[in-house]
Every structure is written in structure tokens, then in C-alpha cells.
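The values are calculated or read from the model by the stated rules, or taken from the named source; none is laboratory data. The structure presented is a predicted model; accordingly, all values stated were derived computationally and were not measured. Note: areas computed on protein heavy atoms with side chains; ligands, DNA, RNA excluded. Shrake-Rupley method; radii C 1.70, N 1.55, O 1.52, S 1.80 Å.
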Amino acid sequence: GSFASLPAQLKERRAALGLTLARAARRAGTSAATLCRYERGWSRFELLTLRRLAAALNCRLDIRLV
């Protein structure tokens, strides 16, 4: 199957939970600006921030190398 890009997944999950950028970022312990960059396709992801975002969005982080 096809998988949505990480930025799309973040945005879709946040929207599904009804969270604003600011609220989701607060839950993850990061800034709304950082989350916005991640959702827009910024390529300099930090693993710790991704883990925090996954927890804040009630999902798990699954990294695959293909």
C-alpha cells in the first residue's frame, strides 16, 4: 500500500484529534513554529521531537528504512 508522507500524517492526525498547532505543540513540549515546519515538509526532523509529537497525538512512531 501507499503511505502518506510524514508531514501529511502529522497534519492529518492533529486535525483528526481537533488540535490546533499551538495546542498540539504544547502537548509535545515544542513550539507551534516547529510543528508547522514539520507539517510543511521540513526535512530536519529530530527524533526526540518526533517521539514527543507521536505521544501528544496518541500514536506511535514507527521508523522504516526502505
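Here the accessible area is traced with a 1.4 Å probe on the protein chains. For segment 9-66, carbon and sulfur cover 50 percent of it.
For Ser31, the accessible surface of its heavy atoms amounts to roughly 50 Å² (probe 1.4 Å, protein chains only, rounded to the nearest 10). Extension gain for Arg40-Ile63 works out to 6.4 nm (0.36 nm per residue, less the C-alpha to C-alpha distance).
The phi torsions of segment 59-65, fed into the Karplus equation with coefficients 6.51, -1.76 and 1.60 and a -60° offset, translate into couplings of 9, 10, 8, 10, 9, 10, 9 Hz, rounded to whole numbers, with Gly and Pro shown as x. In the chain, Cα pairs under 8 Å separated by at least six residues give a relative contact order of 32 percent.
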